[in-house]
């Protein structure tokens, strides 16, 4: 089918009828721009317009589709050829339209998913909802693109796309959980307790502890070895203050300002700001916190923090002999010898330099025990 030839033939017969493009357009109920496109050979008239167009131009449908006056002896042959060409052209247009719609739906679906994951907070159900909605939209696009494929293969392709898309969402979500420390978007269950939210995701669990506080931290349980009762749950930021992080500041001598400052900055209470001084003569450390102790002492937070900080500092700085903690209007002092004498299992914490498991068992786990903290605090601090 020669669209250019058909366009010239339309223009030629329109002029024979002494009609302008605007007049012909008005008779057919289209715009003059549409007529111009037909005559320039840029577009083929829609099938529904072929018969009205041929009638207005005073030509046969066969002549119109041939782009010329068909001779009588070739009329039947040309008619059959034009019918086949018209069917092929229509099928091609349908396929092009389906492909365009399919690609558009895939792009819109993916964009919807990306925007949803970018705009909505990770713990918002709307982010997950619109991400899934985007996946469904893009799946409809795949259905359009595979319209001409055998049904079984088409179903297989759509199923494979759905699995790939879901896997992509879960992987991106997991990367965000691990690297950005955010709640999983695609958790199927949230369990709230006093200071913790437990998220159950398809292949792992996430514990968000001290949520919406300065000491919020995440534990990602890929092995699903924890429960809400056994997961390490402490009142400070464990990622920052836990032994796995602070052990890198272990030093033989107090007086390394950079090391001592980084260690103090990793420990509880640092979130309120502090300055420190070193007593090189008596091997001591004085820490001035920019807060009043009673102001932040909900649920024995100050006592827990000072016990944890003291045992950590004496364990990680070998020659440190005493620590004084100053708050607005109140001070607390603690000595190494008293800790070694009184604190239960202090020697086990410091086996072979420092024993991480014993540190967690005899210090971290004890921090949440109210009776233990009240008793040991009164014994240790002057």
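Just so it is clear, none of the values below were taken in a lab; they were calculated from the coordinates. Owing to the predicted nature of the structure, the values given are computational and were not obtained by experimental measurement. Cβ placement follows ideal geometry from the backbone for every residue including glycine, while neighbour counts extend to all protein chains displayed.
Which angle between 0 and 90 degrees, to the nearest 10, do you get for helix 151-179 versus the longest principal axis of the chain when only C-alpha atoms count?
It is inclined by approximately 30 degrees.
For residue 151 and residue 245 in the same chain, what is the full-extension length gain: residue separation times 0.36 nm, less their Cα-Cα distance, in nm?
Value of the extension gain: 28.2 nm.
Find how much the distance from residue 252 to residue 107 grows on full extension, using 0.36 nm per residue of separation minus their present alpha carbon separation; answer in nm with one decimal.
46.3 nm
For the chain, what's the relative contact order in percent, using C-alpha pairs closer than 8 Å and at least 6 residues apart?
Computed value for the chain: 8 percent relative contact order.
In a Debye calculation with equal point scatterers on the alpha-carbon sites of region 189-233 and no solvent, what is log10 I(q)/I(0) at q = 0.29, 0.33 Å⁻¹?
Cα-only, vacuum Debye calculation for region 189-233: -1.11, -1.34.
Length gain on complete extension for the stretch residue 223 to residue 26, per 0.36 nm per residue less the alpha carbon to alpha carbon distance?
Stretched fully, the residue 223-residue 26 segment lengthens by 63.7 nm.
Starting from the Cα of residue 78, step 7 Å along the direction of its Cβ; do the same at residue 331; then give the gap between the two resulting points in nm.
A separation of 11.2 nm, rounded to one decimal place.
For residue 378 and residue 133, FRET efficiency with R0 = 51 Å and r from the beta-carbon atoms, rounded to 0.05?
The pair residue 133/residue 378 has a calculated efficiency of 0.30.
Could you tell me which of rounded, prolate or oblate describes region 3-70, using a ≥ b ≥ c as the square roots of the eigenvalues of the alpha-carbon gyration tensor, with rounded for a/c under 1.5 and, failing that, prolate when a/b is larger than b/c and oblate otherwise?
In terms of gyration-tensor shape, rounded.
Please work out, to two decimal places, the log10 of the ratio I(q)/I(0) at q = 0.07, 0.11, 0.15 Å⁻¹ from a Debye calculation in which every Cα of the chain carries one identical scatterer.
Summing over Cα pairs of the chain leads to -0.57, -0.89, -1.19.
Place the peptides 68-74, 316-322, 235-241, 52-58 in order of packing, highest mean first, counting for every residue the other Cβ atoms within 10 Å and averaging per peptide.
235-241, 316-322, 52-58, 68-74
For region 257-382, just the Cα atoms, rotate onto the principal axes and tell me the three extents in Å, largest first.
Largest first, region 257-382 extends 35, 35, 24 Å along its Cα principal axes.
Can you give the angle from 0 to 90° between the axis of helix 370-380 and the longest principal axis of the chain, with both taken from C-alpha atoms, to the nearest 10?
40 degrees
In nm, give the distance between the simple-model label positions of residue 167 and residue 95, each being 7 Å from the Cα along the Cα-to-Cβ direction.
Computed distance between label sites residue 167 and residue 95 equals 3.0 nm.
What does the helix-only formula give at 222 nm for the chain: each DSSP H stretch with n ≥ 4 adding -39500 (n - 2.57), the total divided by the residues, and the result rounded to the nearest 500 deg cm²/dmol?
Computed mean residue ellipticity for the chain: -16500 deg cm²/dmol.
Over region 92-179, how many percent of alpha carbon pairs lie in each 5 Å bin up to the one with the longest distance?
3, 15, 21, 22, 16, 11, 7, 4, 2, 0
Roughly what would the spin-label model give for residue 192 and residue 292, points 7 Å off Cα along C-beta, in nm?
3.1 nm
Mind checking the angle between helix 257-266 and the chain's longest principal axis? C-alpha axes, 0 to 90 degrees, to the nearest 10.
70 degrees
At R0 = 22 Å, how high is the FRET efficiency between residue 340 and residue 281 if r is their beta carbon distance? Nearest 0.05 is fine.
Between residue 340 and residue 281 the formula returns 0.55.
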